[in-house]
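Participant: My structure is below; once you've seen it, I'll send some questions.
The values are calculated or read from the model by the stated rules, or taken from the named source; none is laboratory data. Computed from a prediction, not measured in an experiment: that's the story for all the values here. We place every Cβ from the backbone using ideal geometry, glycine too, and count neighbours over all the protein chains shown. In case anyone asks, the SASA skips ligands and DNA or RNA and just uses the protein heavy atoms, side chains included. Shrake-Rupley method; radii C 1.70, N 1.55, O 1.52, S 1.80 Å.
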Amino acid sequence: MTVVQVEDLVTGYDRKNPVIKKLSFSVKEGHFVGIVGPNGCGKTTLLRSIVGLLKKFHGTIIIGNHKIENLSRRELARRVAFVPQLMEPVEGFTVEELVLLGRTPYFDRFSFENEDDYDAVTWAIKELGVEKLKQRSIMELSGGEFQRVAIARALAQEPRLLMLDEPVSHLDIRYQVKICKLLKKLRAHRSIIATFHDLNLASRFCTRLVLMKNGELIAEGTPDEVVTAQNIWKAYRIKVTIQTNQKTRRARYVLLP
Amino acid sequence: MVRKLTKTEGWLALAGLAGILLLVILISLLLGSVIISPRDLLKSEILWQIRLPRVILAALVGLLLSISGVVLQGILRNPLADPYILGISSGGAVGAAISISLGANFVVFGISSVPATAFFFSLLAVFIVYKLSQVAGRAAPETLILSGVALAAFASAILSLLIIINGNLQAIYFWLLGSLSSATWGNVITVIPYALLGGGTAYFFSKELNALLLGEEMAITLGVEVENTRLILIAAASLMTAAAVSVSGLIGFVGLIVPHWIRLMVGPNHRMLIPFSAFSGMILMVAADLISRTILSPMEIPIGIIMALVGAPFFLYLLRRRRVEGK
């Protein structure tokens with residue numbers, strides 16, 4: 001089942017000079033899609049457009065069976081959740097309270113959180129393995145802990161599509177791997193789209209990759225199909241050779257001397 | 001670790017605050033230039049006609065300013081925001097000064113000329129600030145705050161001009177300092193709907209205010225209609241503040257320190273913040289009014305002076321405590 005379908009998308013901040021220039025791809029349920037490409041290629045812009053933070057100029061974005069413009073913000077928020085690169089920590093909130101904010105699209109005007117909401121919060125906290133931090137203050141968490149809490153908050157939205165902007169770029173390698181493993185696990189019953197700087201990391205954990213340059217698609221497919229010397233030359237203008245990791249059977253690039 | 005109140009503890013704490021409020025109100029009713037003995041409480045003319053409306057009005061003004069402060073700090077995402085940040089006080093001051101200068105004497109909907117013009121000009125000021133800040137249908141918090149500052153400067157010039165031309169310095173100045181000395185039952189009745197409607201709106205938008213703690217964009221991805229929410233809440237906060245200003249003049253610091261103080265106590269969740277701030281604001285104002293009438297009795301010190309004298313050092317203390325705890 002297709003969770004999100006993007007067709008001929010043109011978007012950006014200036015109509016005359018769009019960041020994304022006609023881009024199409026689709027994501028099926030159960031996939032963990034990595035969006036990669038050089039700095040400024042429009043990875044974040046693409047994400048912002050799919051989560052409804054940026055209006056599109058042209059093309060269609062279909063979430064489930066609905067065109068994005070036909071969904072209200074609340075309806076969209078129940079289907080798509082977003083974890084920004086750096087979420088502001090809220091001083092004075094505990095982990096549990098922060099995760100509960102993820103239930104906002106389910107609250108009615110004259111009522112507050114109910115059993116369902118607490119169940120979703122408990123479930124999200126458990127999925128991310130942060131039960132022990134539940135009552136801790138947000139301000140006391142390390143970068144890696146906070147990122148897991150931020151993802152739990154998005155997961156509490158019970159989205160069909162979870163979008164993350166650079167979820168690991170400010171973390172140490174231990175947490176980079178940990179978060180990637182978690183995301184890979186979480187892709188069941190939903191889809192995940194995340195932007196990455198580290199092509200090898202994305203290749204190692206994602207089920208599919210989208211390689212972009214200047215707002216256009218260079219390659220899309222399985223990591224093996226995307227991570228080729230030719231594609232990397234096209235996108236980054238650097239010469240590499242490709243090795244396949246014997247254990248993981250995933251392609252990774254190695255810089256040429 | 002942050003110590004969090006459980007639901008039961010939260011209700012108990014609120015009940016405790018309500019108890020303190022009743023106690024402070026009772027003391028306020030008994031004390032004053034004439035001391036009423038508890039035995040004569042129910043048959044005292046002073047009590048029914050003068051003290052009771054005044055004490056109730058003080059409480060209502062405290063509630064209005066505190067909730068308005070919480071709401072504005074929340075939607076503008078600025079800890080320095082207070083009920084007057086969008087130009088309400090400046091507008092109200094000009095309105096009152098015009099009315100006093102012209103010696104206007106009319107009554108609309110049971111409200112006399114000074115409060116009525118102050119109310120109208122307060123809202124006019126916010127309306128101008130909001131409209132000036134709107135770019136492509138969106139009023140950004142920073143622009144709103146800066147427009148408020150600009151309008152305040154402009155209004156202050158007009159105010160000075162009015163004072164110089166008319167020479168009503170004392171009357172205008174007294175109004176600016178804030179006072180509840182002219183409280184009537186009429187005032188109480190006009191203000192009550194603002195307290196109920198404004199407070200209710202703020203409370204039922206606490207989910208949106210909480211989502212906004214994460215930033216405007218995160219709130220949008222959580223399904224919050226940020227623009228509408230901001231418009232509704234600015235309108236609610238402005239009506240509440242304008243109502244308070246029209247009956248009591250400019251009483252500073254309540255709307256600034258109460259939300260900060262309560263945030264330190266119960267955390268940033270608006271569902272707690274709003275009711276706790278409401279009660280604390282009421283207690284603070286009733287107590288401050290009591291001090292203003294009794295400390296130099298029979299002379300009365302404008303409550304605005306008391307609030308600033310106590311409020312400013314207390315605010316600094318809160319800031320320091322926050323910094324120390326943040327370490």
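Participant: So which of B:92, B:10 is within 14 Å of chain A (Cβ to nearest Cβ), touching a Phe, Trp or Tyr at 6+ places or on another chain (Cβ under 9 Å) and surrounded by 12 or more Cβ atoms within 10 Å (Cβ to Cβ)? Working first, answer last.
Facilitator: On the way: B:92 fails: within 14 Å of chain A (Cβ to nearest Cβ).
Exactly one residue qualifies, and that residue is B:10.
Participant: It is to be established whether one or more residues within the stretch A:34-53 are part of a strand (DSSP E or B), touching a residue at least 12 places away in the same chain (Cβ under 8 Å) and surrounded by fewer than 23 Cβ atoms within 10 Å (Cβ to Cβ).
Facilitator: no
Participant: Within the stretch A:135-191, can you find the residues that are of a type in the set (Gly, Ala, Ser), within 14 Å of chain B (Cβ to nearest Cβ) and over 25 Å from residue A:73 (Cβ atoms)? Give the steps one after another, and end with the answer.
Facilitator: Looking only at the stretch A:135-191, we keep the residues that are of a type in the set (Gly, Ala, Ser), and these are A:137, A:142-144, A:150, A:152, A:154, A:156, A:169, A:188, A:191.
Filter once more, so that each one left must be within 14 Å of chain B (Cβ to nearest Cβ): A:137, A:150, A:152, A:154, A:156.
Across the stretch A:135-191, the qualifying residue is only A:137.
Participant: When only residues in the stretch A:208-232 that are on the phi > 0 side of the Ramachandran plot and in contact (Cβ under 8 Å) with a residue 40 or more places away in the chain count, which is surrounded by the most Cβ atoms within 10 Å (Cβ to Cβ)? Can you show your working first?
Facilitator: Filtering the stretch A:208-232 down to residues on the phi > 0 side of the Ramachandran plot leaves A:214-215, A:221.
Pick out the ones that are also in contact (Cβ under 8 Å) with a residue 40 or more places away in the chain and you get A:214-215.
On the way: A:214: 14, A:215: 23.
Residue satisfying both the conditions and the ranking: A:215.
Participant: Right, another one. Report whether or not residue B:308 is open to solvent by 20 Å² or more (accessible area, probe 1.4 Å) and either at pLDDT 90 or above or touching a helix residue (DSSP H, G or I) at 6+ places or on another chain (Cβ under 7 Å) (or both).
Facilitator: Details: open to solvent by 20 Å² or more (accessible area, probe 1.4 Å): yes; either at pLDDT 90 or above or touching a helix residue (DSSP H, G or I) at 6+ places or on another chain (Cβ under 7 Å) (or both): no.
Spelling it out, it is not the case that residue B:308 is open to solvent by 20 Å² or more (accessible area, probe 1.4 Å) and either at pLDDT 90 or above or touching a helix residue (DSSP H, G or I) at 6+ places or on another chain (Cβ under 7 Å) (or both).
Participant: Given the conditions (1) touching a residue at least 12 places away in the same chain (Cβ under 8 Å); (2) not in a helix (DSSP H, G or I), which single one is not true for residue B:89?
Facilitator: All conditions pass for residue B:89, except number (2).
Participant: From the list B:183, B:219, which residue is more than 14 Å from chain A (Cβ to nearest Cβ) and surrounded by 21 or more Cβ atoms within 10 Å (Cβ to Cβ)? Reasoning before the result, please.
Facilitator: Details: B:219 fails: more than 14 Å from chain A (Cβ to nearest Cβ).
From the options B:183, B:219, the qualifying one is B:183.
Participant: Residues being buried (at least 20 other Cβ atoms within 10 Å of the Cβ), outside any strand (DSSP E or B) and either free of Cβ contacts under 8 Å to residues at least 60 places away in the same chain or more than 8 Å from chain B (Cβ to nearest Cβ) (or both): count how many of those fall in the stretch A:54-79.
Facilitator: Residues that pass the stated criteria total 3.
Participant: Take the residues in the stretch A:1-23 that are under 17 Å from the mean Cα position of the chain (by Cα) and open to solvent by 30 Å² or more (accessible area, probe 1.4 Å); name whichever of them is nearest to residue B:226 (Cα to Cα).
Facilitator: Within the stretch A:1-23, the match that is nearest to residue B:226 (Cα to Cα) is A:5.
Participant: In addition: With the checklist (1) surrounded by fewer than 19 Cβ atoms within 10 Å (Cβ to Cβ); (2) more than 30 Å from residue B:232 (Cβ to Cβ) in hand, flag the one item residue B:141 doesn't pass.
Facilitator: Against the list (1) surrounded by fewer than 19 Cβ atoms within 10 Å (Cβ to Cβ); (2) more than 30 Å from residue B:232 (Cβ to Cβ), residue B:141 comes up short only on (2).
Participant: Among the numbered criteria (1) under 14 Å from residue A:217 (Cβ atoms); (2) surrounded by fewer than 17 Cβ atoms within 10 Å (Cβ to Cβ), which one does residue A:30 miss?
Facilitator: With respect to (1) under 14 Å from residue A:217 (Cβ atoms); (2) surrounded by fewer than 17 Cβ atoms within 10 Å (Cβ to Cβ), residue A:30 is out only on (1).
Participant: Another question about this same structure. Only one residue in A:235, A:202, A:251 is outside the structural domain of residue A:44 (by the TED database), in contact (Cβ under 8 Å) with a residue 60 or more places away in the chain and crowded, with 18+ Cβ neighbours inside 10 Å. Which one?
Facilitator: Working: A:202 fails: outside the structural domain of residue A:44 (by the TED database); A:251 fails: in contact (Cβ under 8 Å) with a residue 60 or more places away in the chain.
Only one candidate qualifies: A:235.
Participant: When residues of the stretch A:97-119 are filtered for being over 20 Å from the mean Cα position of the chain (by Cα), more than 9 Å from chain B (Cβ to nearest Cβ), open to solvent by less than 80 Å² (accessible area, probe 1.4 Å) and closer than 11 Å to residue A:156 by Cα, how many remain?
Facilitator: Qualifying residue count for the region: 2.
Participant: Residues that are under 30 Å from residue A:99 (Cβ atoms), at least 1 per element: which helices (runs of 4 or more DSSP H) completely within the stretch B:155-239 meet that?
Facilitator: Hits in the stretch B:155-239: B:185-204, B:206-212, B:216-221.
Participant: Being facing another protein chain (nearest Cβ under 9 Å) and farther than 24 Å from residue A:194 by Cβ narrows it down to one residue among A:93, A:82; which is it?
Facilitator: Values: A:82 fails: farther than 24 Å from residue A:194 by Cβ.
The conditions single out A:93.
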